[in-house]
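Reviewing the structure listed below.
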Amino acid sequence: MKFRVLQNISNSWMIVSLCIILLIPFIIGVVLYSKSIPVFEITSIDQLLFSSTWKPTQGLFGFLPFILSSLYVTLISFVLSAPLCVLAAIYLTQFASKRLVLIMYPVIDILAGIPSVIYGMWGILIVVPFVGETLAPLFNLNSSGYSILSGGIVLAVMCIPYVLNMLMESFKTVPMGLVEASLSLGASKWESIKHAVLKKCRTGIISAFGLGLAKAFGETLAVMMVVGNVVQISGNPFDAGYPLPALIANNYGEMLSIPLYDSALMLASFILLVVVLLINLFFRYLICKTQRK
């Protein structure tokens with residue numbers, strides 16, 4: 001009887017904990033949306049999302065430059081980090097010695113634990129001069145270095161430990177017998193990895209990429225320090241940008257004397273939350289589709 005009571009209490013606490021976890025994103029979304037209502041009352045959703053005019057003193061809040069800058073920085077970071085993480089994970093799990101793997105695990109943990117402000121300072125001291133003084137002249141362009149490309153490079157380095165760790169754990173789940181069976185049929189080592197390991201770990205690869213993209217889109221401080229923070233729409237990666245997280249971090253608490261500015265920043269937070277949720281839902285859909293195949 002006593003054991004049954006304890007079991008019921010444990011089950012109840014687990015259910016309550018699960019409900020709290022499920023409710024947290026919903027509560028955050030509801031609060032942010034309710035705080036955004038005043039700006040909706042004077043401006044249509046189309047103008048807010050697709051206008052490039054940002055004049056808070058006149059009540060004009062066009063979020064398109066901020067959304068595009070966030071997407072551009074995230075895309076660059078993904079293009080730079082994804083292939084590097086996949087190749088590094090393949091090497092560490094399939095070719096590297098155990099000693100090297102034991103050394104790399106704490107290195108990856110250290111990279112994941114470094115504060116974002118440190119990455120931002122590294123970006124200012126190394127990445128910004130490299131982009132402005134080395135890369136830009138190669139394309140006959142003038143750039144201060146504080147640009148979308150600098151933000152993408154810093155963001156790629158920040159995402160590497162998270163994506164790499166997930167990929168390594170995913171590759172380690174593949175039974176060695178599967179690789180050995182492929183080798184016994186005459187396949188080379190790389191062919192075995194390509195057709196056995198990578199194919200078996202498709203869902204893990206998709207999950208790792210989804211986590212990396214979601215983290216990259218919401219990163220704030222390090223990107224804010226190197227991206228330039230200029231409100232503009234430009235397809236040139238050497239131009240400055242202004243991502244949504246940087247807009248919120250730079251202005252909240254300082255510009256709230258302007259009418260509706262608080263509501264506009266809450267809307268920026270709500271947009272950020274919605275985009276991250278959409279990224280996660282999209283990758284969850286890919287995972288489910290891959291598992292069916």
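Readers should treat all values here as calculations from the given coordinates under stated rules, not as data from a laboratory. Every value quoted in this text rests on a predicted model; they were computed, and no experiment measured them. Because the Cβ atoms are built from the backbone with ideal geometry, glycine has one as well, and the counts that use them run over all protein chains shown.
Miscellaneous remarks
- Selected from 193, 271, 67 as most flexible by GNM, with the chain as the system and alpha-carbon contacts under 10 Å: 193
- A Gaussian network model of the chain, with springs between Cα atoms under 10 Å, assigns the largest mean-square fluctuation among 75, 267, 23 to 23.
- Rounded to the nearest whole Hz, the Karplus-based 3J(HN,Hα) values (6.51 cos²θ - 1.76 cosθ + 1.60, θ = phi - 60°) of region 227-241 follow the sequence 8, x, 6, 10, 7, 6, 10, 8, x, 7, x, 8, 8, 6, x, with x at glycine and proline.
- Dipole magnitude (debye, nearest 20) for the chain, charges at Cβ of Lys, Arg, Asp, Glu: 1420 debye
- Using θ = phi - 60° and Karplus 6.51 cos²θ - 1.76 cosθ + 1.60, couplings along region 144-153 (whole Hz; Gly, Pro as x): 6, x, 7, 8, 4, 4, 4, x, x, 5
- Normalised contact order of region 144-267, rounded percent, pairs of Cα under 8 Å and 6 or more residues apart: 35 percent
- Seen against the Cα atoms of the chain and their longest principal axis, helix 261-292 is set at about 20 degrees.
- Computed label-point distance, nm, for sites residue 51 and residue 138 using a 7 Å Cα→Cβ extension: 4.1 nm
- Among 11, 165, 140, the largest mean-square fluctuation in a Gaussian network model of the chain (Cα springs under 10 Å) belongs to 11.
- Full-extension gain in nm, residue 42 to residue 230, via 0.36 nm per residue minus C-alpha separation: 65.1 nm
- Region 228-257 and region 31-60 have their alpha-carbon centroids 16 Å apart.
- Virtual spin-label span in nm between residue 31 and residue 121, 7 Å along Cα→Cβ: 3.1 nm
- Qualifying lysines (Cα of each under 24 Å from Cα of residue 289; at least 8 residues distant if same chain): 172, 194, 199, 200, 215
- For residue 195 and residue 276, a Förster radius of 30 Å and the Cβ-Cβ distance give a FRET efficiency of 0.30, rounded to the nearest 0.05.
- The separation of region 151-165 from region 83-137, counted between C-alpha centres, amounts to 7 Å.
- Between helix 202-218 and the chain: long-axis angle, C-alpha atoms, 0 to 90°, nearest 10: 20 degrees
- Structural descriptor for the chain: relative contact order 27 percent, calculated from alpha carbon pairs under 8 angstrom and at least 6 residues apart.
- Note on residue 91 and residue 178: the model spin-label points, each 7 Å out from Cα along the C-beta direction, lie 2.4 nm apart.
- Between helix 64-94 and the chain: long-axis angle, C-alpha atoms, 0 to 90°, nearest 10: 20 degrees
- Global geometry of region 158-241, whether rounded, prolate or oblate, following the gyration tensor of its Cα atoms and the 1.5 cut on a/c: prolate
- Pairwise FRET efficiency - residue 203 versus residue 11, Cβ, R0 = 35 Å, nearest 0.05: 0.75
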